[in-house]
Amino acid sequence: MGFTSVFDAAAPFGQEAIYTAVEQLDRRGTLPVRLHVTQTVTSEADVEGAVSRLSELHQRFGTEHFRISTLKIVGDGVIENRQAALLQPYREPAPTKGRLAISTPSAVKLLNQCHQAGFDVHYHTIGDASLRQILDALTTVRKQGVNPKLTLAHVQIADDADQQRLARLKPLISSTGIWCIRYQATEQAIGSDRYNKMFRFGRLQRDHAVSVALGSDWPATYASGTLGIEPMLNVQAAIRRQPPPPLLDAMQVALGPGASEPLPLMQDAFTLEGALEAYTLAGARQLGIDAITGSIREGKRADLCVLDQDLTAISTDRIYSVRCLLTLMDGAARHDARKGASMPTG
C-alpha cells in the first residue's frame, strides 16, 4: 500500500512483549516501517502516573525506527454507541449527551506534564463537547506560556465557534478520509444540522494553514475489512466526500440510502494536492520526523512509493484503482511488485 511510517494510536495489551519483539526486528534490519506507538489515558483513573509510565516506556524501549513518545488521551467515545460527548443531546435516544472521559483540569495537567517531559499529546475527539474541552485546555496552557505539541484525532463534529478556534489555534489534526462520507446511522443519531458540519478540513488546510494528516484508524473503520486501510480509497473519499466503489459495494446497505451522494459541505473537501500532503508530509510532521521523511528532498531519507498511474492525469473518481508498485524505506525496497522484480530473502 506504500506505507513507510505507521502511528499506532493504541496498544492496550501486551505492550512490553510487543515492544521487545519490535526492537528485535529493527536490530535485525527487518522492521519494514518506522513505527510510533502510544501510552493511553482512557479515564480519570489513568491520569495520575500516565506521563511517568510513558517516560518509563520511552526510556526502556526505542530504536532507530521505533519510538514511544506520545500520550494518547481518549477524550470521548463514538457516535455509534452514543458515547461521543456532545454539546446538545443526541436525537436518539434523548436526552443523553455522551460523556467526557476526563475533566478539563486533568487535560490541562496532562498537556503541561507532556510539554515539560518532551512528549507529544494525541487527543481523540469525536463529539463537539470533547473538541471544546481540548481547545479550552490548549487555550489555558498557552496563556501560561506553554505550547505543547498537540494532535487532535478525528475532529468529527465541530461547533461553528470551535471551527473558528481551530483556525486560530492551529493544533495538528489527524483524521480519516474514508469517514468523510454519508452514513445514515450518524445522521439519525445527531440530526442533519450537525451531520452537515462534519469533517471540515479542506478550508482549514487551504485557508488557515492548519496541518491536517490523513490515516486509516483501522480497524475502527466501518465493517469494511481491510478496505479502510487503503490510502487511495481514503484519498479519493477525502476529495470527493463520497464512498469509492469498493467501499460502496461492500457497505451500501449499512451506509444507508443516498450513500453515493457527497457529504456536505464540498467547500470542506480536500484538493488532490491537499490530500497527498495530508498522507505524507503532514503525517511526518505529526510524528516529528518531517526533517527526514514525508517529502522527497535532497538530504532526506529515501522513503517513497511508486504508483502504477499518474494521480494528476486521471479523474478523481478513479483514484481508488491506483496501485503501489514499489515501496522504499531508507532507500531499501520493502515491497516490489514490478514485473520481473524479486525481493531479497533472509
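The values are calculated or read from the model by the stated rules, or taken from the named source; none is laboratory data. Nothing here was measured: the structure is a model prediction, and the numbers come from that model. With ideal geometry, Cβ positions are generated from the backbone for all residues, glycine too; neighbour counts draw on all protein chains shown.
Observations on the structure shown:
Residue by residue, here is whether (1) touching a Phe, Trp or Tyr at 6+ places or on another chain (Cβ under 6 Å); (2) in a helix (DSSP H, G or I); (3) at positive phi holds:
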| site | (1), (2), (3) |
| --- | --- |
| ALA129 | no, yes, no |
| ILE134 | yes, yes, no |
| THR140 | no, yes, no |
| GLN164 | no, yes, no |
| SER175 | no, no, no |
| ILE178 | no, yes, no |
| ILE181 | no, no, no |
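- Scanning segment 25-46 for residues that are more than 22 Å from the chain's Cα centre (by Cα) and under 19 Å from THR151 (Cβ atoms) yields a single hit, ASP46.
- Screening segment 192-297 for helices (runs of 4 or more DSSP H) wholly inside it with 2 or more residues that are at pLDDT below 95 and surrounded by fewer than 23 Cβ atoms within 10 Å (Cβ to Cβ) returns the ranges 192-195, 245-255.
- Of residues in segment 78-109 being of a type in the set (Gly, Ala, Ser) and under 13 Å from ALA129 (Cα atoms), the one surrounded by the most Cβ atoms within 10 Å (Cβ to Cβ): ALA84
- If you go through segment 258-276 and pick out every residue that is free of Cβ contacts under 8 Å to residues at least 60 places away in the same chain and within 20 Å of SER211 (Cβ to Cβ), you end up with 3.
- Breaking point among (1) among the aliphatic types (A, V, I, L, M); (2) under 23 Å from the mean Cα position of the chain (by Cα); (3) surrounded by fewer than 17 Cβ atoms within 10 Å (Cβ to Cβ), for ALA313: (2)
- Extreme residue, surrounded by the fewest Cβ atoms within 10 Å (Cβ to Cβ), among residues of segment 7-26 that are part of a loop (DSSP other than H, G, I, E, B) and touching a residue at least 60 places away in the same chain (Cβ under 8 Å): ALA10
- Against the criterion of being under 25 Å from PRO262 (Cβ atoms) and among the polar types (S, T, N, Q), GLN309 qualifies.
- Residues located in segment 27-54, provided they are surrounded by fewer than 18 Cβ atoms within 10 Å (Cβ to Cβ) and in a helix (DSSP H, G or I): ARG27, GLU44, ALA45, SER52, ARG53
- Output for segment 298-326, where each listed residue is farther than 24 Å from LEU227 by Cβ and assigned to a loop (DSSP other than H, G, I, E, B): GLU298, GLY299, LYS300, ARG301, ALA302, ASP303
- The set of residues in segment 33-55 that are touching a His at 6+ places or on another chain (Cβ under 8 Å) and not β-branched (Val, Ile, Thr) comprises ARG34, LEU35.
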